[in-house]
Amino acid sequence: MTAKIVSAQNSDVINCKIQDISETGASIRVSESSVIPTRFFLILAHTRFIYEAEVVWVAYAQRGLRFIQAYESTDRVPSWLENWRRNWAVSAYD
């Protein structure tokens, strides 16, 4: 499963692959050269779920995340993030 990492402090978007996911966190894989913030939003385009997450462990290209907040497709999110959710939801069905 693929996802996007976005942050309010940085306009960069980082692609990642979800290795494992639960209600409380996830294990993701990013490019080894990717530098990701400690806290960010993880967007799952195919489900339109958004998770506010923090990195709790690092092992090379793999990161362990703890979810702080989960947003379903109908939940309000910060306005800057809503645009990302809409764009990725549309591209997930293309």
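Output the residue which, of all residues in region 44-62 that are over 12 Å from the mean Cα position of the chain (by Cα) and assigned to a strand (DSSP E or B), is surrounded by the most Cβ atoms within 10 Å (Cβ to Cβ).
Only one residue tops the list, namely 62.
Name the residues in region 1-26 that are in a loop (DSSP other than H, G, I, E, B) and either surrounded by 14 or more Cβ atoms within 10 Å (Cβ to Cβ) or touching a residue at least 12 places away in the same chain (Cβ under 8 Å) (or both), would you?
Of everything in region 1-26, those that are in a loop (DSSP other than H, G, I, E, B) and either surrounded by 14 or more Cβ atoms within 10 Å (Cβ to Cβ) or touching a residue at least 12 places away in the same chain (Cβ under 8 Å) (or both) turn out to be 1, 8, 9, 23, 24.
Among all residue pairs at least 6 apart or on different chains, which show Cβ distances below 8 Å where the first residue, located in region 27-48, is of a type in the set (Ser, Thr, Tyr) and the second is at pLDDT below 90?
The qualifying pairs are 47/73.
Restricting to region 5-40, give me the number of residues that are more than 14 Å from residue 63 (Cα to Cα) and not polar (S, T, N, Q).
Looking only at that region, the number is 5.
The values are calculated or read from the model by the stated rules, or taken from the named source; none is laboratory data. Quantities reported herein were computed from a predicted structural model and do not represent experimental measurements. No Cβ is skipped: glycine too gets one built from the backbone with ideal geometry, and neighbour counts run over all protein chains shown.
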